[in-house]
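In what follows, a structure is listed as structure tokens, so that the remarks can point back to it.
The values are calculated or read from the model by the stated rules, or taken from the named source; none is laboratory data. Because the structure is predicted, anything quoted here is derived from the model rather than measured. Note that we place each Cβ from the backbone using ideal geometry, even for glycine, and neighbour counts take in every protein chain shown. Heavy atoms of the whole protein, side chains included, go into the accessibility calculation; ligands, DNA and RNA do not. Shrake-Rupley method; radii C 1.70, N 1.55, O 1.52, S 1.80 Å.
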Amino acid sequence: DKGLAVFTSGGDSQGMNAAVRACVRMAIYLGCKVYFIREGYQGMVDGGDCIQEANWASVSSIIHRGGTIIGSARCQDFRERQGRLKAANNLIQKGITNLVVIGGDGSLTGANLFRQEWPSLLDELVKNKTITTEQQDKFNVLHIVGLVGSIDNDFCGTDMTIGTDTALHRIIEAIDAISSTAYSHQRTFIMEVMGRHCGYLPVVAGIISEADYVFLPESPPPQDWPDRLVLKLEQERSAGQRLNIVIVAEGAMDREGHPITAEDVKKVIDERLKHDARITVLGHVQRGGNPSAFDRILACRMGAEATLALMEATKESVPVVISLDGNQAVRVPLMECVERTQAVAKAMKEKRWADAVKLRGRS
Ligand code: F6P
């Protein structure tokens, strides 16, 4: 009779639906009452129809769908204590004390803070007579488990986040398509690739598309990058290549920390090489469409494991993230991952790029 809810938060990613489905079905299989929380933390704060009981059929035919059928949002209200009080009350009224949060590091950090604050939120709800002391005793511990849904693969502690593989498929399909037309017209294409401050998508895309040059956040080029770029592209053309592909990560910068944009790169190519150069910004195409086979199975395994972890949680257990370690779905302490992810962000800000890469580890 345990109440469990699942929600997706922050930017969506392909495979989130498969994860939701696995959580719901495993929870039903284990005899839980299971809920969707629609629109992420906003739905938790708003309550009402946003918190809806799920059944076996409500997650049928979603495993192949991109995005998240239960909606996702970035929520300001949940950042305020007043919003979290409302959210706590909404959960208690439904008997929910187990949460699966599917999102990036911000969403997972928010969940952990909520869990830590839970006893004091309940105290306040009792004090203002919103809940009874019986309810407080019955629902005194909130258990949370995180699943990392993000195309960026920027979360420490897991080899792959849910959505990364599909985003790579989208990117490589686009580069393959661009390459054929670039070949015909001997053009140079500059492709802007997502990933925020993480270069995983652009670097892997660069390797698997035989790109000529890749600009990455973690490996900023020296100030003379225009000369190096021109030299490299010229070499490729002299070797008989009819096209060039340059990948620019959306978070690319130089060693001074100034952004390097696709426009900056195009300007150099226009002025110095006189190639017919074009920019393609892949944008949200990378985050859409059906999840790959890899993301589907990853999400299925992670979702099922998340529900199991919640059912096995005790008052003493620390919240965990379900991570991929090699080919195993494992439970890793949530705060360990969040702290490492934040240390990476700090290292990047302080221009300690090698430290950032080292801290990020295998992902
Ligand atoms: O984190 C996923 C991501 O797609 C990043 O790669 C990108 O920088 C960002 O989200 C875009 O966010 P939004 O959809 O809010 O524009």
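A few points about this structure:
- In region 198-213, the condition of being open to solvent by 30 Å² or more (accessible area, probe 1.4 Å) and within 23 Å of residue 107 (Cα to Cα) is met by at least one residue.
- Looking across 263, 256, 271, 218, one residue alone is away from the ligand (no atom under 16 Å from the Cβ) and in a loop (DSSP other than H, G, I, E, B). It is 256.
- Residue selection: residue 211 fails the criterion of being closer than 22 Å to residue 169 by Cβ, of a type outside the set (S, T, N, Q) and either within 16 Å of the ligand (Cβ to nearest atom) or touching a His at 6+ places or on another chain (Cβ under 8 Å) (or both).
- Any chance residue 245 is out of contact with any Pro (no Cβ under 7 Å at 6 or more places or on another chain) and in a helix (DSSP H, G or I): no
- Within region 285-328, the set of residues being of a type in the set (Gly, Ala, Ser), within 24 Å of residue 34 (Cα to Cα) and not in a strand (DSSP E or B) comprises 299, 303, 304, 306, 309, 313, 317.
- Qualifying residue in region 293-309 (condition: modelled with pLDDT under 95 and surrounded by fewer than 22 Cβ atoms within 10 Å (Cβ to Cβ)): no
- When restricted to residues that are within 24 Å of residue 299 (Cβ to Cβ), open to solvent by 70 Å² or more (accessible area, probe 1.4 Å) and in a helix (DSSP H, G or I), region 329-363 contains 2.
- Given (1) under 15 Å from residue 285 (Cα atoms); (2) more than 10 Å from the ligand (Cβ to nearest atom), index of the condition residue 193 fails: (2)
- When region 50-63 is filtered for residues that are surrounded by fewer than 22 Cβ atoms within 10 Å (Cβ to Cβ) and in a loop (DSSP other than H, G, I, E, B), the ones remaining, listed by number, are 55, 56, 60, 61, 62, 63.
- Each residue in region 59-102 was checked for being touching a residue at least 60 places away in the same chain (Cβ under 8 Å) and on the phi > 0 side of the Ramachandran plot, and 3 pass.
To keep it simple, each residue is scored yes or no on (1) within 23 Å of the chain's Cα centre (by Cα); (2) surrounded by fewer than 22 Cβ atoms within 10 Å (Cβ to Cβ); (3) charged (D, E, K, R); (4) closer than 20 Å to residue 147 by Cβ.
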site: 17; (1), (2), (3), (4): yes, no, no, yes
site: 21; (1), (2), (3), (4): yes, no, yes, yes
site: 30; (1), (2), (3), (4): no, yes, no, yes
site: 36; (1), (2), (3), (4): yes, no, no, yes
site: 41; (1), (2), (3), (4): yes, no, no, yes
site: 48; (1), (2), (3), (4): no, yes, no, no
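- Meets criteria (more than 16 Å from the ligand (Cβ to nearest atom) and either out of contact with any Gly (no Cβ under 9 Å at 6 or more places or on another chain) or among the charged types (D, E, K, R) (or both)) for residue 54: yes
- For region 217-240, the count of residues that are open to solvent by 20 Å² or more (accessible area, probe 1.4 Å) and within 15 Å of residue 174 (Cβ to Cβ) is zero.
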